[in-house]
Amino acid sequence: MKAIKLDEEYRIETDIASWNLIYEKTHTEKNAKGNFKVSKTILYYPTLKSALEGYLDAYAKESKSVEQLLERIKEAESNIEKACASITKSDVR
């Protein structure tokens, strides 16, 4: 199955044993080689549902107020719906 892109920084990949929620961000600071990326696997999950719940949790934790928390939860749910709608039958074979 191909990676499920949830937003610009989060995606879910799968292997034979788990679903992997991956956070990847391009930093604007430059080193001698130019821009660099930092990839960080947040956690390995046993099911897709638990990986999506992990994404919702990680996305919401970036909130700085209750209002922002509620808005980020809505954004995360919308991102999940869009990602799921983009999956085709050939993606899961």
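The values are calculated or read from the model by the stated rules, or taken from the named source; none is laboratory data. If you're wondering where the values come from, they're calculated on a predicted model, not measured in any experiment. Here the Cβ is made from the backbone with ideal geometry for all residues, glycine too, and neighbour counts use every protein chain on show. Each accessible area value is taken on the protein alone, full model and side chains, heavy atoms only, with ligands, DNA and RNA left out. Shrake-Rupley method; radii C 1.70, N 1.55, O 1.52, S 1.80 Å.
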Residues (farther than 23 Å from residue 18 by Cβ and hydrophobic (A, V, I, L, M, F, W, C)) located in the range 69-91: 69, 70, 73, 85
Among residues of the range 69-86, those that are open to solvent by 60 Å² or more (accessible area, probe 1.4 Å) and under 19 Å from residue 24 (Cβ atoms), counted: 3
First in the range 78-93 and closer than 9 Å to residue 6 by Cα, second anywhere and of a type in the set (Lys, Arg) and at pLDDT 85 or above, Cβ under 8 Å, 6 or more apart: 83/5
Considering residues of the range 42-68 that are hydrophobic (A, V, I, L, M, F, W, C) and open to solvent by less than 70 Å² (accessible area, probe 1.4 Å) only, the residue farthest from residue 23 (Cα to Cα): 48
From the options 23, 44, residue that is over 22 Å from residue 86 (Cβ atoms) and either part of a strand (DSSP E or B) or polar (S, T, N, Q) (or both): 44
Qualifying positions in the range 11-33 - in contact with a strand residue (DSSP E or B) (Cβ under 6 Å, 6 or more places away or on another chain) and closer than 17 Å to residue 47 by Cβ: 11, 12, 13, 18, 19, 20, 21, 22
